[in-house]
Amino acid sequence: MKIAAFPKCFLDEISQHRTMTVFEWIEMSRPLEAEGLEMYEGFFTSLDDAYIDSVGEAIAATGCAMPMLCCSPDFTNPDADVRKRALDHEAEMIRITRRLGGPRAACRILSGQRYPEVSRAQGVAWVVEAINALLPVAREYDVVLAMENHYKDGYWHWPEFAQKMDVFLEIVNAIDDRTHFGVQYDPSNAIVAGDDPIELLERVKDRVVTMHASDRYLEPGATLDELRQNDGTIGYFAKLKHGVTGKGLNDYDRIFAILKSVNYQGWVSIEDGMNGMEEMKESIDFLKRMRERYFS
């Protein structure tokens, strides 16, 4: 098992405001002592080979790999042309994943947005169709499609179509491929959805190919019942805050024990830093201790 870092704290600065470059983030990451740097599709200002290669060279100069590319395709859009563009873009991101990360690197996929006019049955059908259409591309480049139990891409209007565990599992279980398709498990997203992250992991443990690690804690006076009633379908529960991994609501001992039971050998990417780089370093150090405890 290896540990990567993802700069959730600088997502807007790098991908939207362009007040920070991906190269600045790569250099800034050195003190974290991660083994990999996860990228996001919005970090790139060009998809030309020369530019992508320069990003890869900057990552390699830190001694890190690029194991995961975070993408947010919208396969549930009611407009067929928009869905086709999402499919074509994701295929291009698979190519970029291979160029940056090499064989067996992971390219994230999502289901899409939860449009009010799209039924569950129709949304599931579109997502499964899209994944099956992308699998030949993934096989060609030897890249693994990693579907995340997500809440909502920060630049979407609607939450994730497959946010809830039952919809997520319906889609995952409809895909037979276990070589170039798997699950990107995020325990904190399960909490936001009002689901049990341990139950979800037990149900997908043999299909987890990558993992996002972060943690959440409740403000004083807030209760888990309030969180469950909110269920994340409208927005993040205001009293649910980011914190150092291992100090919040997630039971990482149980999570790592389950991963150990299936001999997990993938990457865990720390999705943190909302309260500063010091907390991100503390979170990475925590994951290293957990790895030593369960995987040494």
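The values are calculated or read from the model by the stated rules, or taken from the named source; none is laboratory data. What you are looking at is a predicted structure, and each value in this text was computed from that prediction instead of being measured. Backbone-built Cβ (ideal geometry, glycine too); neighbour counts: all protein chains shown. These area figures cover heavy atoms from the full protein model, side chains too; ligands, DNA and RNA do not enter into them. Shrake-Rupley method; radii C 1.70, N 1.55, O 1.52, S 1.80 Å.
Once the C-beta distance of SER46 and TRP158 is scaled by a Förster radius of 30 Å, the resulting FRET efficiency is 0.55 to the nearest 0.05. Rounded to the nearest Hz, the phi-derived 3J(HN,Hα) couplings of the range 182-192 under the Karplus curve 6.51 cos²θ - 1.76 cosθ + 1.60 (θ = phi - 60°) are x, 10, 9, 8, 10, x, 5, 5, 5, 4, 4, where x marks glycine and proline. Taking ASP49, ASP153, ASP195 in turn, the Gaussian network model of the chain (Cα-Cα springs below 10 Å) assigns the largest fluctuation to ASP49. A dipole drawn for the chain from +1 and -1 charges on Cβ atoms has a positive end, and of PRO187, GLY266, PHE43 the residue lying farthest that way is GLY266. Distant-in-sequence amide contacts of SER214, defined by a placed amide H-H separation under 5 Å and a gap of 5 or more residues or a different chain, comprise SER188, GLU271.
Close amide H pairs (under 5 Å, H built 1.01 Å from N) link GLN113 with PHE75, THR76, ASN77, PHE161, residues at least 5 positions away or on another chain. What separates the Cα centres of the range 277-291 and the range 1-53 is a distance of 18 Å.
When LYS247, LYS281 are compared by accessible area of protein heavy atoms, the largest-first order is LYS247, LYS281, using a 1.4 Å probe. Full extension of the chain between ASP253 and ASP196 gives 19.0 nm of extra length, using 0.36 nm per residue less the Cα-Cα distance. For the range 79-161, the per residue solvent-accessible surface stands at 42 Å², with DNA, RNA and ligands left out and a 1.4 Å probe.
Here the accessible area of the chain is 49 percent carbon and sulfur, with a 1.4 angstrom probe and all protein chains present.
Taking all protein chains as shown and a probe of 1.4 angstrom, PHE295 keeps an accessible surface of around 50 Å².
With 16 Å as the cut-off, how large is the P(r) tail for the range 169-223, expressed as percent of Cα-Cα pairs? Let's see the in-between values first.
Numbers: 712 of 1485 pairs.
Roughly 48 percent, rounded to a whole number.
Across the range 56-76, the residues whose backbone nitrogen lies under 16 Å from the label position 7 Å along the beta-carbon direction of ASP142 are 66-67. In this label model, TYR217 and ALA125 are separated by 4.8 nm, measuring between points 7 Å along each Cα→Cβ vector. TRP126 sits with roughly 40 Å² accessible to a 1.4 Å probe, with DNA, RNA and ligands left out of the calculation. Within the chain, the selection of entire DSSP H helices by a Cα span of 15 Å or greater along the long axis and an average Kyte-Doolittle value of at least 0.0 returns 49-61, 120-141. Among the listed pairs LYS2/LYS152; LYS205/LYS288; LYS164/LYS205; LYS164/LYS260, a Cα-Cα separation exceeding 23 Å is found for LYS2/LYS152; LYS164/LYS260.
Between PHE44 and any residue 5 or more places off or on another chain, the built amide H atoms are never under 5 Å apart. In this structure, ASP166 and ASP12 have a Cβ-Cβ separation that, at R0 = 51 Å, corresponds to a calculated FRET efficiency of about 0.95. Listed by chain and number, the aspartates and glutamates placed with their C-alpha closer than 13 angstrom to that of LYS84 are ASP74, GLU92, GLU129; residues fewer than eight positions away on the same chain are left out.
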